[in-house]
1. With an 8 Å cut-off on Cα pairs and a minimum separation of 6 or more residues, tell me the relative contact order of the range 1-121 in percent.
2. What is the sum of charges around H114, taking Lys and Arg as +1, Asp and Glu as -1, for the other residues whose C-beta is under 14 Å from the C-beta of H114?
3. Please compute the per residue accessible area over the chain with all protein chains in place, 1.4 Å probe, rounded to a whole number of Å².
4. In whole Hz, what ³J(HN,Hα) sequence does the range 91-103 give by Karplus (6.51, -1.76, 1.60; θ = phi - 60°), x for Gly and Pro?
5. Which number do you get for Rg(Cα) / (2.2 N^0.38 Å) in the chain?
6. Karplus couplings for the range 123-139 from phi (6.51 cos²θ - 1.76 cosθ + 1.60, θ = phi - 60°), rounded to Hz, Gly and Pro as x?
7. How many angstrom lie between the C-alpha centres of the range 65-128 and the range 1-31?
8. Can you tell me, using C-alpha contacts under 8 Å and at least 6 residues apart, the relative contact order of the range 91-145 as a whole percent?
Amino acid sequence: MSTKILVLNGPNLNLLGTREPHIYGNETLDDVQFMTEARARELGLEVEFRQSNSESEIVDWIQSAKGTAHGIIINAGAYTHTSIAILDALIAVSLPVVEVHLSNLFKREEFRHHSFITSAAAGLITGFGAKGYPLAVEAMSSILQDAA
Ligand code: CA2
């Protein structure tokens, strides 16, 4: 099986590039997918890139990663700050996790400073816009190589 990374995007990230470019940048989610897949290809990794506005669908996708993916990159959107269900699913699959955010959470409102995801993640990339995704792919590649 090729080395496969599941890249998950949470609510409203489908709106990227349409509003709030000063916070999230000008790239659309399709652009982010393109950049993510390009870096993955360079590193010999395969990417499955998904977005959902539904917490339960994200939980289902995380559960189904066991046995089908080698790692998970996740931008859980606003669920980052609320979802114990996503945290529990990430812990349950025990795959390496890299958390990514377009904006710098710590320069924003206090309620965005806490992430339920981070405690299940190897690390957090926040504030580099769309470029955070290829960076997350690099981080995942390094984690998987170290574990091999
Ligand atoms: O910075 C990030 O990547 C976030 O995960 C984005 C979430 C936000 O709730 C998190 O605190 C940080 C929001 C994604 C919504 O994206 C939009 C993009 C364009 C227009 C409206 C929403």
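1. Reported relative contact order: 30 percent.
2. Numbers: positive: R108, R112; negative: E99, E109, E110.
It works out to a net charge of -1.
3. Ligands and nucleic acids excluded, the result is 50 Å² per residue.
4. After applying 6.51 cos²θ - 1.76 cosθ + 1.60, I find 5, 5, 7, 6, 9, x, 10, 10, 8, 9, 9, 5, 8 Hz.
5. 0.95
6. Listing the rounded values in order: x, 10, 10, 9, x, 9, x, 4, 5, x, 5, x, 5, 5, 5, 4, 4 Hz.
7. If you average the Cα positions of each part, the centres end up 14 Å apart.
8. 45 percent
The values are calculated or read from the model by the stated rules, or taken from the named source; none is laboratory data. Predicted model, so just to flag it, every value in this text is computed and none were measured. Methodologically, a virtual Cβ is constructed for each residue, glycine included, from the backbone with ideal geometry; neighbour enumeration extends over all protein chains shown. Ligands, DNA and RNA are stripped out before the accessible areas are found, and what is left, the full protein with its side chains, is counted by its heavy atoms. Shrake-Rupley method; radii C 1.70, N 1.55, O 1.52, S 1.80 Å.
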